[in-house]
Amino acid sequence: MLVYIDGKLVEKAEATVSVFDHGLLYGDGVFEGIRSYSRRVFRLRAHLERLYDSARTIMLKVPLSAEELEAAVLETLRVNKLDDAYVRVIVTRGPGDLGLDPRKCTAPTVIIIADKIQLYPKELYEKGITVVTAVTRAKHPEILNAKLKSLNYLNNILAKIEAVNAGAAEALMLSEEGYVAECSGDNIFLVKKNSVVAPPAYLGALEGITKAAVAELARGMGLDAREEPFTRHDIYNADECFLTGTAAEVVPVTSVDGRQIGGGRAGDVTKRLAAALRKLALSEGTPY
Ligand code: PMP
């Protein structure tokens, strides 16, 4: 496997960063997870836009233009001969000293890793996954804005640990006020009658690229796709519930905090949206 690091494609074993890199020392950096399907990258521009927006917020200057970074992503996929891949783009603050001051870091590190995709086991797309509510809350915008996809994932990891300890696949995270925000690594939707509802990002959810695509597809099916705050009560009483994410795509949720959702199997709307997303990913995207 060849990994892109600071302009070079090197063997995995040689793809290393300094122990003084603030990405390692402080989680000071930004990243994206991107998918390709049959040699087409899904919504690459949207992912890169989100990366540059995140970098701008943390005052990190990405040393490549968006066009150069796009070309580097495509080249990394080509040299690794991957048809279907998961791509991780990381820009860290780069090496500095042991203090926090980012001005000491003069050369951001740019890394692109392209690897095989990791999905939930296939049967879970039919059976659905189990979710439990975590005590760990979603990111409050004045602590760390959830729209900012930074290398600081500890609160999501703490929530994930809670899920693992409870034997669940995912952790549901609530906003400070107790509204549903998102899961530790995916956005959440509920389906009730003709409505397909996701929480607004201001509650502490990432503006998911898969979430936006699924909402467009739902509207195309004549469903009322909208964003609005809702509570766990609304999930417990939903017809269907599903998660969206670049790696997970559309994954049904059939149990939340011990309550069976819908019929305890992947619901009809969930299955239609999952199929439509796959079809969309195969029909659009940046070729390489
Ligand atoms: N929320 C969080 C916390 C995530 O890390 C991700 C990405 N894995 C998502 C939502 C889904 O976003 P996207 O559809 O852009 O992958």
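The relative contact order of the chain, computed from alpha carbon pairs under 8 Å that lie at least 6 residues apart in sequence, is 20 percent. Stretched out straight at 0.36 nm per residue, the stretch from I157 to A275 would grow longer than its current Cα-Cα span by 39.5 nm.
Farthest toward the dipole's positive end in the chain, which of L24, G94, G264, given Cβ charges of +1 (Lys, Arg) and -1 (Asp, Glu) about the Cα centre? The residue sitting most towards the positive pole is G264.
The angle between the Cα long axis of helix 66-79 and the main principal axis of the chain comes to about 90°, on a 0 to 90 degree scale.
Bridging of K61 to lysines at a Cα separation below 17 Å is possible for K104, K149, once same-chain residues fewer than 8 apart are set aside. In the chain, helices alone account for a calculated mean residue ellipticity at 222 nm of -8500 deg cm²/dmol, with every DSSP H run of four or more residues adding -39,500 (n - 2.57).
Set the bar at 20 Å for Cα to Cα. Now go through K160/K279; K160/K192; K211/K279 and name every pair that lies beyond it. Over 20 Å apart, Cα to Cα: K160/K279; K160/K192. Restricting the calculation to alpha carbons of region 81-137 gives Rg and Dmax of 18.9, 51 angstrom.
Which percent, nearest 5, of DSSP beta bridges in the chain are antiparallel? Restricted to the chain, the bridges split so that about 80 percent are antiparallel. Pairwise alpha-carbon distances in region 124-283 exceed 19 Å for 49% of all pairs. Charging the Cβ of each Asp and Glu at -1 and of each Lys and Arg at +1, and nothing else, the dipole of the chain about its Cα centre rounds to 500 debye. Note on A212 and K104: with the Förster distance fixed at 30 Å, the Cβ-Cβ geometry gives a FRET efficiency of about 0.20. Inter-label distance, D84 to R265: 2.3 nm, where each label sits 7 Å from its Cα along the C-beta direction. Per-residue extension of 0.36 nm, minus the Cα-Cα distance of K193 and E126, leaves a gain of 22.1 nm for this segment. Taking other C-beta atoms within 10 angstrom as a stand-in for reagent exposure, D83, D239, D21, D186 fall in the order D83, D239, D21, D186, fewest first. In this Cβ point-charge picture (+1 for Lys and Arg, -1 for Asp and Glu), region 73-181 has a dipole of about 300 debye about its Cα centre. An oblate overall shape is assigned to region 45-139, the ratio a/c of its alpha-carbon gyration tensor axes (a ≥ b ≥ c) being 1.5 or greater and a/b not exceeding b/c. Here the Debye sum runs over all C-alpha atoms of the chain as equal scatterers in vacuum, and log10 of I(q)/I(0) at q = 0.07, 0.12, 0.13 Å⁻¹ comes out as -0.26, -0.78, -0.91.
Any read-out appearing in this document is the output of simple, stated calculations on the displayed coordinates, not a laboratory observation. These numbers were taken from a predicted model, which means no experiment stands behind them. Every residue, glycine among them, receives a Cβ derived from its backbone with ideal geometry; neighbour counts consider all protein chains shown.
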